[in-house]
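**Student:** Structure in structure tokens, see below.
Read-outs: derived from the displayed coordinates by stated rules, not from any lab. Remember, it's a predicted structure, so these values are computed and weren't measured experimentally. Neighbour counts are summed over all protein chains in view; Cβ atoms, including those assigned to glycine, are modelled from backbone coordinates with ideal geometry.
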Amino acid sequence: MTESREETPAGPPRAEPVGPADEGEERALELAHRVFEHARNGRTRELCGYLDLGIPVNSTDSEGNSLVMLAAYHGHPRTVVALLDRGADPDRVNARGQTPLAGAVFKGERDVVAALVAADADPYLGTPNALDSARFFSREDLLDLLEVSLEEHEE
């Protein structure tokens with residue numbers, strides 16, 4: 001018995017993956033989702049457990065958000081510090097040009113801003129950058145943390 005295969009318009013027939021490859025891919029996606037949820041929800045211990053097993057500390061989601069970005073934006077300073085202590089990049093820009101520092105300023109997360117400033121996050125990086133965000137939202141308390149006064153940055 002001969003098996004017939006149709007040619008596709010784009011070329012030779014393609015085999016659809018089935019079985020273990022699909023299961024492996026599905027498990028990897030579930031793991032990635034879990035890791036990003038731990039960062040987003042400030043589950044530091046669980047997140048660090050995955051990092052200690054080899055998940056890259058600078059992993060990004062489909063929108064370019066790093067673990068630090070998710071933890072910073074959602075106001076989890078302990079998680080941010082743990083990621084930075086493990087070598088996470090405090091200046092990783094997402095697909096929208098945003099940085100963790102600008103996100104923390106936007107959300108008014110003083111403790112997160114302090115942690116990122118202590119890790120030498122660049123307040124001039126990103127669009128909008130952290131300084132512009134602090135000015136726009138009149139966050140003089142955060143400008144002080146960024147070691148800049150509101151008056152120095154007014155045009």
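**Student:** Can you work out the base-10 log of I(q)/I(0) for the range 27-153 at q = 0.14, 0.16 1/Å, using the Debye formula on its C-alpha atoms alone?
**Tutor:** So the normalised log intensities work out to -0.54, -0.68.
**Student:** What length, rounded to one decimal in nm, is gained on full extension from R86 through to F137, with 0.36 nm per residue of separation minus their alpha-carbon distance?
**Tutor:** 15.2 nm
**Student:** When ranked by the protection proxy of mean other Cβ atoms within 10 Å per residue, highest first, what sequence do the peptides 85-91, 135-141, 105-111 form?
**Tutor:** My ranking of the peptides, most packed first, is 105-111, 85-91, 135-141.
**Student:** Say R0 is 30 Å: what FRET efficiency, to the nearest 0.05, do L31 and R96 get from their beta-carbon distance?
**Tutor:** 0.75
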